[in-house]
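Contents: one structure, followed by commentary.
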Number of protein chains: 2
Amino acid sequence: MLGDEIVSRINQLGTISETPEHLARIFLSPEHRIAADLIMSWMKDAGMAAHLDAIGNVCGRYEGDRPGLPCLMLGSHYDTVRDAGKWDGPLGIITAIACVADLNRRGVRLPFAIEIVGFADEEGVRFSSTLLGSRAIAGTFDESVLNTRDSAGLTMRDAMVAFGLDPAKIGAAARARGELHAYVELHIEQGPVLEQQNLPVGVVTAIAGATRLAANLSGMAGHAGTVPMALRRDALAGAAECIVAVEAFCKADDAGLVGTVGIINAMPGATNVIPGRVSFTLDIRAPADAHRKLAVAEIVGWIEAIAKRRELSLQIDVTHENRTVPCAPSLKAQMAEAVAAEGYGVFELPSGAGHDGMAMIDIADVAMLFVRCRGGISHNPAEHVEIADADAGARVLLRLIENFRPGSQTREAGGGQDRAR
Amino acid sequence: MLGDEIVSRINQLGTISETPEHLARIFLSPEHRIAADLIMSWMKDAGMAAHLDAIGNVCGRYEGDRPGLPCLMLGSHYDTVRDAGKWDGPLGIITAIACVADLNRRGVRLPFAIEIVGFADEEGVRFSSTLLGSRAIAGTFDESVLNTRDSAGLTMRDAMVAFGLDPAKIGAAARARGELHAYVELHIEQGPVLEQQNLPVGVVTAIAGATRLAANLSGMAGHAGTVPMALRRDALAGAAECIVAVEAFCKADDAGLVGTVGIINAMPGATNVIPGRVSFTLDIRAPADAHRKLAVAEIVGWIEAIAKRRELSLQIDVTHENRTVPCAPSLKAQMAEAVAAEGYGVFELPSGAGHDGMAMIDIADVAMLFVRCRGGISHNPAEHVEIADADAGARVLLRLIENFRPGSQTREAGGGQDRAR
């Protein structure tokens, strides 16, 4: 049973933290380096060559039936948010290593190499820029981020030097499309759908694109006692109607649309004053870009109509936009076969959260396998995966690897072997 | 035209402030004392005896056709909020002085005395306890407030001593019911109703009672991308539905009910996190207590139903409650006569804001006259009254005084004269 060792290693990695009170393993910190060394030791135990690349990704390579073959790349990230759970990221790395260890124990070599990457920074806690590790590998790292400062005023460039990395060599972490057959990531769901479906694993259809908006409504502040209801231009009542409308609109959708108002501020903010101004955020996601864009336009239209009817002035702007990353149909099909072969119902679901595949799509087809997590809770110390589900995820991933049929995107690339050492 | 002098004095008093940038005249401050001295000088110019009472109220007395008669008491407050307008409070004091000055010029003595009180603290900015001046006069001053500290850590007791008052003598400011025929206050409306009615003045029916509540909704925080709409327990969407319901409920009421949500906090408060907890305030007012209490119960019922349907846990508590202070029918009738005699349409409206009459009701019948203010704006430097409206208010008040018919509540009280000196 692969689950035992996986959970044991999850617990071991979970102790490597900034403080013992809560789990925080931040990019380029001393504990980040300790974790990298531990993961590399596990890779080597599994019969892999392992090294730290130019951005701090932990890279392991298990050769195929002859050296230098293009790889199936597996991975996830080993940084965390603050006050994190133990599973978000590490489960994908540790499960992949457990699969390779199993192949290695059995002396199995496949007609492709396997690489495992522990991405250095997916969460983006320290420098407010996410996917740093996978962007470096995809060759899309934005070098201007090197000048970003953390909360202590240290630039990313200086933090890299302190960690023992050379910022001038980040380009060397980039991989070519021909070196990879595909990128496959196992990750906890971070949502409640698999639990509700009573399934240990699910096949991801796409990493949903997201549009974030900032809305500002302005009406007229006034005394809560002296302005009759009919004469009010209450910005908060208007915002409340917008929030209810966004919820109703998304609930009525049957194609995975979700809409969230996460931040609201009402000004001036006194019990006895009618709010004159309200700002709120909107986060709209859907598994298909065209669907999301249409939904955003319709939601903005609803909000405009509410503002107009209430004589509120409205400013609404898109602050952030991520395209949808669809999982490759052929990879999804192979993942579904593996799930079914392990005896589980095949259930497809989109990923509403972002993952390293959003960067990896630039150099490889992407697939993901979700593992059920308790209550859908993540980014929280209460994050939890049952050992049986960790085991189920590992068995599905191992079967996928052993039965993997590369697509046509890759060619044999001599550079792969060198890079991996 | 009385309006000219009134506006001139409003402007003069408006310069007496903590800082020249914004108007702030806080209880027991040096500028509070300067303002008191100026108002006393105006009282004396109008032929009145004037003194500062034990709490810092400015008290003036104009004898009737013989000394020691019970009085018609007029007044308002001379403290302000921070960043205040010039009219809220001072208009009532200055207009009353202008009326007495007019009587004095004409040598008119009435069959009752006239007293004018400039209440020391109605707003409650410094010690978070309102109506301090009128409560002292009504004999309901809570002595425990003397131990309250201002933001600088000074107790009210010490601030009184620094101002030149003796905290042990606050009881001496109290007046007996028999000394007053009535308490009549002229005040700006602080709302938009008279402007909408195109009337300079309005007869107040009651000072509306208020119930304030604090509501807390708890659902489940979650990732904005990973929790499908159907599985959410979004505390902010629930609060938004409550806010919309409160507004609809109050809008449908035809007896002056108003309901306001002025403060809202959504936690944890991130663009990509479904709010798990939301707190908000409710301020519910109506001109009749029974109506308000029924409305509060119905609104709480709606909120409970919304919380239950959405599987949110709810904590809702009353944090503050003020009874309604009805204006005396006989005084309202006399006020209406005066309004009509000056050629204006008689329009009755409740006061949604609190006033010193809320304390004075304990020792006297109460009436109020509202004067139109631009846009209903108050507690704001943009607060404004047209000179013609200030004049209209003064003419109505003067006519009310000259035609005043005391009710049956009072008897001649010898103490009145002594107290007023």
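Just so you know, all these numbers are worked out from the coordinates, no wet-lab data involved. Quantities reported herein were computed from a predicted structural model and do not represent experimental measurements. Every residue, glycine among them, receives a Cβ derived from its backbone with ideal geometry; neighbour counts consider all protein chains shown.
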Distances in nm between the label point of A:T140 (7 Å along Cα→Cβ) and its equivalents in the other copies, shortest first, are 6.9
For the pair A:K293 and B:A248, the simple spin-label estimate (label points 7 Å beyond Cα toward Cβ) gives in nm 3.5
Over the range A:209-322, the quotient of the Cα radius of gyration and 2.2 N^0.38 Å is 1.12
To the nearest 0.05, the calculated FRET efficiency linking B:V346 and B:A162 through their beta-carbon distance, R0 being 60 Å, is 0.80
Mean separation of Cα contacts under 8 Å (at least 6 apart) over the residue count of the range A:209-322, i.e. the relative contact order in percent, is 46
With 0.36 nm assigned to each residue of separation and the Cα-Cα distance removed, B:D65 to B:M267 gains 66.1 nm
With Cα springs under 10 Å, the Gaussian network model of chain A assigns the largest mean-square fluctuation among A:A152, A:A101, A:A235 to A:A152
Largest-first semi-axes in Å of the equivalent ellipsoid built from the Cα gyration tensor of chain A are 43, 24, 20
Once amide hydrogens are built 1.01 Å from N within the peptide plane, the residues lying 5 or more places from B:I207 or on another chain with amide H under 5 Å from its amide H are B:V325, B:C327, B:S351
For the range B:317-333, Karplus-derived ³J(HN,Hα) couplings (6.51, -1.76, 1.60; θ = phi - 60°; whole Hz; x for glycine and proline) come out as 9, 6, 9, 6, 8, 10, 5, 6, 10, x, 6, 5, x, 5, 5, 4, 5
Charge tally for neighbours of A:A168 with beta carbon under 15 Å away, counting Lys, Arg as +1 and Asp, Glu as -1, is -2
Note, A:D142: beta-carbon cut-off 14 Å, +1 each Lys/Arg, -1 each Asp/Glu, net -1
Scalar couplings 3J(HN,Hα) for the range A:91-100 by Karplus 6.51 cos²θ - 1.76 cosθ + 1.60 (θ = phi - 60°), nearest whole Hz, x for Gly and Pro, are 4, x, 6, 5, 5, 4, 5, 4, 5, 5
The correct pairing of chain B residue and whole-Å distance, for the Cβ nearest the axis that maps B onto A, is B:A240, 2
Plugging the Cβ-Cβ distance of B:I34 and B:T155 into 1/(1 + (r/R0)^6) at R0 = 25 Å yields, to the nearest 0.05, a FRET efficiency of 0.65
So, in nm and shortest first, the distances from B:R309 to its counterparts in the other copies, with label points 7 Å along Cα→Cβ, work out as 1.7
Restricting to lysines and to Cα separations under 17 Å from B:K251, and discarding same-chain partners fewer than 8 apart, the set is B:K293
Sorted by chain and number, the residues with a modelled amide H under 5 Å from that of B:H181, at a separation of 5 or more or across chains, are B:C71, B:L72, B:M73
Taking r as the C-beta separation of B:S8 and B:Q197 and R0 as 41 Å, the FRET efficiency to the nearest 0.05 is 0.90
Taking a straight Cα-to-Cα line shorter than 19 Å from B:K169, and setting aside same-chain aspartates and glutamates fewer than 8 residues away, one finds B:D53, B:D121, B:D142, B:E143, B:D158, B:D418
Taking the label point 7 Å from Cα along the Cα-Cβ vector, the copy-to-copy distances for A:D83, listed from shortest in nm with one decimal, are 3.1
So A:E386 and A:S128, fully extended at 0.36 nm per residue minus their Cα-Cα distance, gain in nm 89.7 nm
Scalar couplings 3J(HN,Hα) for the range A:385-392 by Karplus 6.51 cos²θ - 1.76 cosθ + 1.60 (θ = phi - 60°), nearest whole Hz, x for Gly and Pro, are 10, 5, 4, 5, 6, 4, 5, 4
Reduced to Cα centres, the span from the range A:280-313 to the range A:14-61 in Å works out to 42
Whole-Å distance linking the alpha carbon centroid of the range B:187-256 with that of the range B:93-118 is 43
Note on the protein assembly as shown: the mean projected area of its alpha-carbon convex hull, in nm², is 38.7
The answer for the longest stretch of chain A without any exposed GluC sites (Glu not before Pro) (DSSP loop, at most 13 further Cβ atoms within 10 Å) is A:22-310
